[in-house]
Amino acid sequence: MARNRSRKAPEINRGYYARIKAVGDFLRKFLKITMNKCQVISLGAGFDTSFWNLQKEDNLPQNYIEVDFPEVTTAKCTYIKNRKPLFQGLRIDSEIGKDTVRSKNYNLLPCDLRCINLLEQQLKEIEIDYNLPTICITECVLVYMTPDKSEEIVNWMGRRFRDAVFINYEPVNLGDRFGEVMLQNLLARGCKLKGATACPTLKSQTERFLNAGWTYAHALLMSDVYRLLPREDVERIEKIEFLDETDLLEQLLSHYCLSWAIKDSTGLGLKDLNFD
């Protein structure tokens with residue numbers, strides 16, 4: 001569902017690859033541990049196509065739920081209707097509205113994530129199962145929210161689900177000159193990171209979850225995640241996105257992180273989830 005086909009710098013493309021590969025591999029580990037008897041909730045999902053990718057692999061969870069602003073889900077519904085592979089990937093009993101998709105295994109919900117009560121109501125309508133192992137994915141979502149609103153989401157997820165995993169991707173270490181330039185560039189594009197001060201370090205990233213009652217919490221810089229990705233696949237990408245010097249890439253990756261938290265109440269083995 002790519003909307004912008006302009007060519008990005010190799011550093012940006014490598015960083016994007018690392019993010020997609022890392023989150024995707026982590027999700028697949030979760031699916032394996034739960035034997036697909038689980039739910040996926042992607043908050044601020046945008047135009048992500050992970051549901052269809054997993055379907056091609058015959059690796060779907062029991063329910064895949066995506067949530068975003070109504071204007072985003074409206075556009076995504078249009079894409080799904082107008083693109084045969086996406087439309088045919090849905091169950092025959094799927095209901096596609098203006099901004100909503102409802103089915104047994106895929107649900108697209110229009111919702112402002114700052115309104116937890118509204119989110120809960122929509123999840124109730126699709127018969128969410130709070131006792132089923134559930135992973136929540138947020139990629140550059142919490143950092144755009146005020147700290148009190150992102151805290152609500154983290155607290156809600158840990159409180160409502162019996163066995164849960166929360167994985168979050170966002171900027172970090174923005175206090176140096178490189179980080180200041182990043183913030184200035186984003187602001188110039190109309191993107192204000194309202195939550196940038198909430199979790200400025202890796203330590204604060206994990207504390208966000210532990211303070212909310214999650215049992216385990218971890219965080220890694222994307223520069224470290226990049227080094228943990230499968231070497232053969234990384235080498236393939238590096239041939240496509242060639243760089244003479246990697247200093248800028250290293251700086252870029254050291255200003256983003258992945259943090260994840262785990263609540264393994266029934267001893268499924270979720271506590272062993274990592275990037276090793």
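The values are calculated or read from the model by the stated rules, or taken from the named source; none is laboratory data. It should be emphasised that the depicted structure is a prediction, and the values quoted were computed from it without experimental measurement. In this analysis, Cβ positions are derived from the backbone assuming ideal geometry, glycine residues included, and neighbour counts consider all displayed protein chains. Ligands, DNA and RNA are excluded from the accessible area calculation, which covers all protein heavy atoms including side chains. Shrake-Rupley method; radii C 1.70, N 1.55, O 1.52, S 1.80 Å.
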Q | Filtered residues of the range 137-172 (kept if open to solvent by 10 Å² or more (accessible area, probe 1.4 Å) and part of a loop (DSSP other than H, G, I, E, B)) | A | CYS140, VAL141, MET145, THR146, ARG162
Q: Would you mind stating whether PHE51 is closer than 21 Å to ASP264 by Cβ, open to solvent by less than 70 Å² (accessible area, probe 1.4 Å) and in a helix (DSSP H, G or I)?
A: no
Q: Working carefully through the options TYR106, TYR16, find the one that is open to solvent by 60 Å² or more (accessible area, probe 1.4 Å), without any contact (Cβ under 8 Å) to a residue 60 or more places away in the chain and among the hydroxyl-bearing types (Ser, Thr, Tyr).
A: TYR16
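Please work out if GLY175 is surrounded by fewer than 19 Cβ atoms within 10 Å (Cβ to Cβ), among the small types (Gly, Ala, Ser) and not in a strand (DSSP E or B).
Details: surrounded by fewer than 19 Cβ atoms within 10 Å (Cβ to Cβ): yes; among the small types (Gly, Ala, Ser): yes; not in a strand (DSSP E or B): yes.
Answer is yes for this residue.
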**Q.** Residue match in the range 86-102 (condition: surrounded by fewer than 20 Cβ atoms within 10 Å (Cβ to Cβ), assigned to a loop (DSSP other than H, G, I, E, B), free of Cβ contacts under 8 Å to residues at least 60 places away in the same chain and among the aromatic types (Phe, Trp, Tyr))
**A.** no
(Q) For a quick check of your reading of the model, give me the residue pairs whose first member lies in the range 59-74 and is free of Cβ contacts under 8 Å to residues at least 40 places away in the same chain, whose second is of a type in the set (Gly, Ala, Ser), with beta-carbon atoms closer than 6 Å and at least 6 apart or on different chains. (A) none
Q) Any idea how many residues of the range 30-47 are in contact (Cβ under 8 Å) with a residue 40 or more places away in the chain and more than 13 Å from CYS136 (Cα to Cα)? A) 4
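Just one of ILE128, ILE135 is under 18 Å from the mean Cα position of the chain (by Cα) and at pLDDT 95 or above; which is it? First the steps, then the outcome.
Details: ILE128 fails: under 18 Å from the mean Cα position of the chain (by Cα).
Just one listed residue meets the conditions, ILE135.
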Q: Name the single residue, out of those in the range 109-136 being more than 18 Å from VAL40 (Cβ to Cβ) and part of a loop (DSSP other than H, G, I, E, B), that is most open to solvent (accessible area, probe 1.4 Å).
A: ARG114
Q | Single unsatisfied condition, PHE26 versus (1) surrounded by fewer than 18 Cβ atoms within 10 Å (Cβ to Cβ); (2) among the aromatic types (Phe, Trp, Tyr); (3) not in a loop (DSSP other than H, G, I, E, B) | A | (1)
Q) Residues of the range 32-48 being more than 15 Å from LEU268 (Cβ to Cβ) and either surrounded by fewer than 19 Cβ atoms within 10 Å (Cβ to Cβ) or not hydroxyl-bearing (Ser, Thr, Tyr) (or both), which ones? A) VAL40, ILE41, LEU43, GLY44, ALA45, GLY46, PHE47, ASP48
(Q) I'm trying to understand the selection: among the residues of the range 57-83, which are closer than 20 Å to LYS37 by Cβ and either basic (Lys, Arg) or loosely packed, with under 15 Cβ neighbours inside 10 Å (or both)? (A) GLU57, ASP58, ASN59
